[in-house]
1. Amide H to amide H under 5 Å from V106: which residues, 5+ apart in sequence or cross-chain, H placed 1.01 Å off N in plane?
2. Arrange the peptides 103-112, 139-148 so that the one whose residues have, on average, the most other Cβ atoms within 10 Å appears first.
3. At 7 Å along the Cα-to-beta-carbon direction for both L123 and E171, put a label point, then send me their distance in nm to one decimal.
4. List the residues, sorted by chain then number, that are 5 or more residues from I95 or on another chain and whose placed amide H is less than 5 Å from its amide H.
5. Roughly speaking, what is the stretch gain from S195 to R107, that is 0.36 nm per residue apart minus the C-alpha to C-alpha distance, in nm to one decimal?
6. Using 13 Å as the cut-off for backbone N distance, which residues of the range 86-116 belong to the label zone defined by a point 7 Å from the Cα of E146 along Cα→Cβ?
7. Taking 0.36 nm per residue of separation and subtracting the Cα-Cα distance, what length does fully extending W236 through R97 add?
Amino acid sequence: MNRAFCQIHNRSGYRRESSISTRQGLPRRDMLAFMMPDSLTQLHHSIWRELAEAVTADGHPFRFAAFSTISSGRSGADEPSSPDVRMVVLRAVDIGRRELSCYSDVRAAKVTQLRHFERAAWLFYDPTRLVQIRAFGGAVIETGGEIVDAAWEAVDGLSVMNYASASAPGELIASPGGVSGLARTAAHLAVDRESARRNFAVIRTTIDEMDWLQLGLTGHRRARLTYTASDTSGHWVQP
């Protein structure tokens, strides 16, 4: 099984980000390979294929994921560490390197948390096929270089404004700050793209463990895949 795993090499890069997206329905997929795999090798292939597809397929259920980090405490250093979770958009998948990526404002709490504890967890769920995927790994914050430059080039339209605010994410503000579509468009035209770029970061997670769960009326199925630099192993586990 390990030899088959090592033969997989593919990359799903950053797609151009638009401020408007359309839902065209779920893309066609090999349902049986993902829901009822014949082997752990087939499951491995199908999981990564689904994740790569989610980057570019509008309406794919894995396009949005829960991203969990460890907080050192919301009220101060004396507060014990606790989980912190939020939704992110899956921006890139590198199958050969086992990497999942998302974007962030560099001032966001998750960036600070990852700089203190470099572990993250992703949670994906498909409500139609009743499949849950949990992915765990070490995270790296990228703020410069080719990877970030390519990702920033894919951010266009009104999305640039998400990284241009004077206040950091989570800071207290006087009002919600919502504006009409026309006003937001005008504000976008006044945004200094280079200034917004300084607040932009790419978070790359190198996955070292995955947990797959498929719910069913006749019984649930669960598997765990473990990755190292030189080997991949998998086991069926009790749901």
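1. Residues meeting the amide H criterion: F200, A201.
2. Those peptides, ordered most packed to least, come out 103-112, 139-148.
3. So the two model labels end up 3.0 nm from each other.
4. Those qualifying (amide H under 5 Å, at least 5 residues apart or on another chain) are N10, R11, S12.
5. 30.3 nm
6. Backbone N within reach: none found.
7. Gain on stretching W236 to R97: 47.7 nm.
Values quoted throughout were computed directly from the atomic coordinates according to the rules given, and no laboratory measurement underlies them. Everything numeric here is computed off the predicted structure, so don't read it as measured data. Heads up, the Cβs are rebuilt from the backbone with ideal geometry, glycines too, and the neighbour counts pull from every protein chain shown.
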